[in-house]
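Bear in mind that the values in this text are calculations on the coordinates, not laboratory data. Here the structure is a predicted model, which is why all the values come from computation and not from measurement. So basically every Cβ, Gly included, is an ideal-geometry build from the backbone, and we count neighbours across all protein chains shown.
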Amino acid sequence: MKILYSLILFFVPYFALAQHTFSIVAIDTVTKEIGSAGATCLSGIKNPPGAKMISDIIPGRGAIHTQAWYRETNQLIARSRMLAGDSPQQIIVWLLDHDEQLTPEKRQYGIVDLDSTGSPRAAGFTGELCDSFKNHISERNYSIQGNILLGQQILDSMKSRFLATQGTLADKLMAALQGAKVIGADTRCFQYNTSTLSAFIRVAKWNNREDSLYLDLNVPALPYGYDPIDSLQILYDEFISTGIDEYDIIEQNSEYTLQINSEKILVVQSSESIKGKIVVIYNILGNIVWQGEMNSNTLQVDLSLFSKGIHFVKVGNTIGKFVII
């Protein structure tokens, strides 16, 4: 099912860009990883990133969520202040004083960062004119915030799951989203029998580039009745099960052998000629990134120029996976 995502992105109606519902930004105090996750009842049809648009991570420094009547200018201001050295609370004060539309009471923010000593800081803000139910919970290394919610129990459940989960920062962020996976968590989604319509999770290691995070998974939209947090969990489980090796052996059965050799070449091989068979490689969202035809019993694909992340390769009925980090 994972390689079918690109075929089902156009079944959900578009909602006017207004609010984003629940989200979390957090820092691992040991590894200094910085994370960002969230979900909303805004679909990704005319807004391709879906909920992910609220997320801004600066590896090694911090993460910013600007939500509720989202304005790109406010997000850019927040980023510039973080790069200038402001703390999360100072950034929020600046945003309130320099709101693009002079209506800061309509905004909601969650910000975390690492100070000059590597210690985490966090701050949140919820404007009085955000649509109810709205609130935020900010503590030493995380901030959880939401609006148009079923109630405070959504935020409390996210906090409880985040703090109780053992494992990596990514594990804890995914658990926090699962804590909010309640029908109508974003009350606009009662009619779809889901919590939301789009969801994402992102984690940056301290030495990542901004355009190549360690973890960057997004489910921008799904058909009616499918919860994006469930789909995001599938992608996350796939990411974890693939491991952290840059390249790995893919698949072997009675028809084909799929593997990666030491020169970073994907080799598709059969014991007999399979001329005419099509080999297709998909990225994690199901988009075709390479396609070719078998002209003999062996096909080789150079992976050195492929983008980082999880990929799937299909030959006939055989589907394998590999990750490039």
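Full extension of the chain between LEU76 and LEU96 yields a length gain of 5.8 nm, computed as 0.36 nm times the residue separation minus the alpha carbon distance. The C-alpha radius of gyration of the range 2-242, expressed as a fraction of 2.2 N^0.38 Å, stands at 0.92. Descending by average beta-carbon neighbour count within 10 Å, the peptides 47-53, 277-283 line up as 47-53, 277-283, the highest first.
Is the shape of the range 19-122 best called rounded, prolate or oblate, per the rule: a/c under 1.5 gives rounded, else a/b larger than b/c gives prolate, else oblate, with a ≥ b ≥ c the square roots of the Cα gyration tensor eigenvalues? In terms of gyration-tensor shape, oblate.
Packing-wise, with mean Cβ within 10 Å as the measure, how do 181-187, 100-106 rank, highest first?
Sorting 181-187, 100-106 by mean packing, highest first, produces 181-187, 100-106.
Converting phi to 3J(HN,Hα) with the Karplus coefficients 6.51, -1.76 and 1.60 and the offset θ = phi - 60°, the range 194-205 yields 9, 6, 7, 10, 8, 8, 8, 8, 9, 9, 10, 6 Hz in sequence order, with x at every glycine or proline. Distance cut-off 22 Å, Cα to Cα: go down the list LYS52/LYS205; LYS134/LYS181; LYS52/LYS264 and report the pairs above it. The answer is LYS52/LYS264. Spin-label model, SER119 to VAL301: label points 7 Å out along the Cα-to-beta-carbon direction sit 5.0 nm apart.
When you count the other C-beta atoms within 10 angstrom of each residue and take the mean per peptide, 27-38, 118-129 line up highest first as 27-38, 118-129.
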